[in-house]
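First up is the structure itself, then whatever we jot down about it.
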Amino acid sequence: MRRLAIAGAAALAALVPMRSHAQNITNSEVKFGVWWHDPIEGKEGGADINPELILTSPITDEMLANAPPWLIWALQPRPTLGVSINTAGDTDQFYLGATWSWMLVRNVAMPDDGIFFSYFFGPGFNDGKISTSDPHRKALGSHIMFREAADLGYQINPTYSVSLFMDHVSNGGLAKQNQSINDLGVRLGIHF
C-alpha cells in the first residue's frame, strides 16, 4: 500500500505545475463503476459494483470572489454518497463525504473535452468482518472506517466522462484489527 501511496503522491506532484491552469469542477454528476475488490492483498475477491452520486458544491464561484487564488482549489468540495456491492459476497460498503475535482487540461483532442482529477474523503460503513480467522476475509476492526479515493479521467464532452479509480478504506489504526481494503477499477460519469 505504501508503494501505491508513493506512486499517487508522485503523480500529484507531477501535476502541480498545472495547478495554475486547473479549474474546479463543481456541478452534479452520477458515476457508475466496476472495481476489482482487494487486488493488492487478494484476501477478499470478486468485483464491486459502484453507483455514486456527487452533488453540486454549495460553495459558488461568487462566494470565492475575494479568496486568495492559491486557496480556491480547496474550497469547493461536492457532497458525495455511494455504495460498493461486492459480487462475491465479501465486504460491501456505503460511504458519504466530500469530493474535490479539478479539470487539469481542457480541449485535449476536441472542444469541451479534458483531463480531470478527483479526490474523495469521508467515512465508510461496511458489513465486513471485524475480526476473523477466515483466510479469505479481512479483519477490518470496525464497521466504520476512513475512506479515501481518487479518479484520474477523461471528460469526453460536457456530459460524459470515463476514469480510472482507486480507493482505500481503513480504520486508521484506531482498532486492534486494521486490515484495509483497496479497490481498483473504471467508472463512467454523467454530469447533470
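The values are calculated or read from the model by the stated rules, or taken from the named source; none is laboratory data. Since the model is a prediction, treat every value here as computed from it, not as a measurement. Note: ideal-geometry Cβ built from the backbone for every residue, glycine included; neighbour counts use all protein chains shown. What goes into the accessible areas is simple: the full protein's heavy atoms, side chains included, and nothing from ligands, DNA or RNA. Shrake-Rupley method; radii C 1.70, N 1.55, O 1.52, S 1.80 Å.
Data table
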read-out: The chain - mean residue ellipticity at 222 nm from DSSP helices (-39,500 (n - 2.57) per run, n ≥ 4, rounded to 500); value: -2500 deg cm²/dmol
read-out: Förster-model FRET efficiency, 30 Å R0, Ile85 and Met110, C-beta, rounded to 0.05; value: 0.30
read-out: Percent accessible area from carbon and sulfur atoms, the chain, protein chains only, probe 1.4 Å; value: 68 percent
read-out: Between helix 2-15 and the chain: long-axis angle, C-alpha atoms, 0 to 90°, nearest 10; value: 0 degrees
read-out: Distance between region 84-100 and region 53-73 - C-alpha centres, whole angstrom; value: 27 Å
read-out: Square roots of 5 times each gyration tensor eigenvalue, C-alpha, the chain, largest first, Å; value: 31, 17, 16
read-out: Contour minus Cα-Cα distance for His143 and Leu184 (0.36 nm per residue); value: 12.7 nm
read-out: Accessible area (Å², per residue) of the chain, counting only protein heavy atoms and a probe of 1.4 Å; value: 53 Å²
read-out: FRET efficiency, Phe94 to Ala67 (Cβ-Cβ, R0 25 Å, nearest 0.05); value: 0.15
read-out: Surface accessible to a 1.4 Å probe, Asp38 within the full protein complex, Å²; value: 0 Å²
